[in-house]
Amino acid sequence: MREALPSLVELYADPDGQVRHAALLAAAACPVTPVTREVLAAMAETVTPQGVLGVAPLLDVDLGTALRGRPRLVVVLEAAADPGNTGTVVRTADAAGADAVVLTEGSTDPHGGKCVRASAGSLWHLPVVLGPSVTDTVAALHAAGLTVLATSGSVGADDLDALLDTGALTGPTAWLLGNEAAGLSGTALALADRTVRIPVHGRAESLNLATAAAVCLYASARAQRRRAGPQQVTDRGRPEAATGV
């Protein structure tokens, strides 16, 4: 809630919430409406509401805006269906210093309660694009100078560890991940510059979407920071030369 506080247009608080979250409510710049526990429970999507509920504008931005300004690390989810996974990917992308998250057409709504909670506030930290086709997305990523890498289970032509070891992940990169059950479409795989497999050293069949995203994003983040060397790294993970300005 604190992450969203500057963006909220209205707050609702039940009697418990008014006491427990008094400091947060006092810091809000929007109206605060007292409600009963029953009313707040009906408004909230959780079994045990925390006593305060906020209303914020929709957060999605257009693709061109999200890719403006030399992005170096982007994650794209094609038709991601699980809101908990999607929110976790947004949170992971934020932690890894990614510049944007793109949810292509058919993906779950990032504004749903489960996705918002899973993002743990990261929805307010980086641009989230909702609804472009995978074809338009890849074209825009290429135009912005990013190499598009598609994760393809255990059958990708390139091994993630090998790409990391050979320095292939040091440049601007977009990771393309697919639906939890179906994976990436044939169209997405064909549009990508490379298909990448994440090595599985044990007996697990595969990794779930959020875990695969974490492994890939942190591999790129490590490679890009290693290449940056004495350069400074901004709060969104983009290396910039130290100028003293």
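No lab work stands behind these numbers, since they all come straight from the coordinates. It should be emphasised that the depicted structure is a prediction, and the values quoted were computed from it without experimental measurement. Quick reminder, even Gly has a Cβ in these numbers, built from the backbone with ideal geometry, and neighbours come from all protein chains shown.
Being over 18 Å from the mean Cα position of the chain (by Cα), in a loop (DSSP other than H, G, I, E, B) and surrounded by fewer than 17 Cβ atoms within 10 Å (Cβ to Cβ): is that true of Ala139 here? Against the criterion (over 18 Å from the mean Cα position of the chain (by Cα), in a loop (DSSP other than H, G, I, E, B) and surrounded by fewer than 17 Cβ atoms within 10 Å (Cβ to Cβ)), Ala139 does not qualify.
Answer yes if at least one residue in region 39-47 is more than 30 Å from Thr187 (Cα to Cα), surrounded by fewer than 20 Cβ atoms within 10 Å (Cβ to Cβ) and acidic (Asp, Glu), and no otherwise. Looking for residues that are more than 30 Å from Thr187 (Cα to Cα), surrounded by fewer than 20 Cβ atoms within 10 Å (Cβ to Cβ) and acidic (Asp, Glu), one finds at least one in region 39-47, hence yes.
For Thr92, are the conditions met, namely being in contact (Cβ under 8 Å) with a residue 60 or more places away in the chain, among the hydroxyl-bearing types (Ser, Thr, Tyr), in contact with a strand residue (DSSP E or B) (Cβ under 9 Å, 6 or more places away or on another chain) and part of a helix (DSSP H, G or I)? Against the criterion (in contact (Cβ under 8 Å) with a residue 60 or more places away in the chain, among the hydroxyl-bearing types (Ser, Thr, Tyr), in contact with a strand residue (DSSP E or B) (Cβ under 9 Å, 6 or more places away or on another chain) and part of a helix (DSSP H, G or I)), Thr92 qualifies. The numbered conditions (1) over 19 Å from Ser119 (Cβ atoms); (2) surrounded by fewer than 17 Cβ atoms within 10 Å (Cβ to Cβ) are all true for Thr211 except (1). Considering (1) touching a residue at least 40 places away in the same chain (Cβ under 8 Å); (2) over 22 Å from Ala98 (Cβ atoms), the lone condition that Gly186 does not fulfil carries the number (1).
When region 146-183 is filtered for residues that are in contact with a Gly (Cβ under 7 Å, 6 or more places away or on another chain) and within 13 Å of Leu217 (Cα to Cα), only Pro172 remains.
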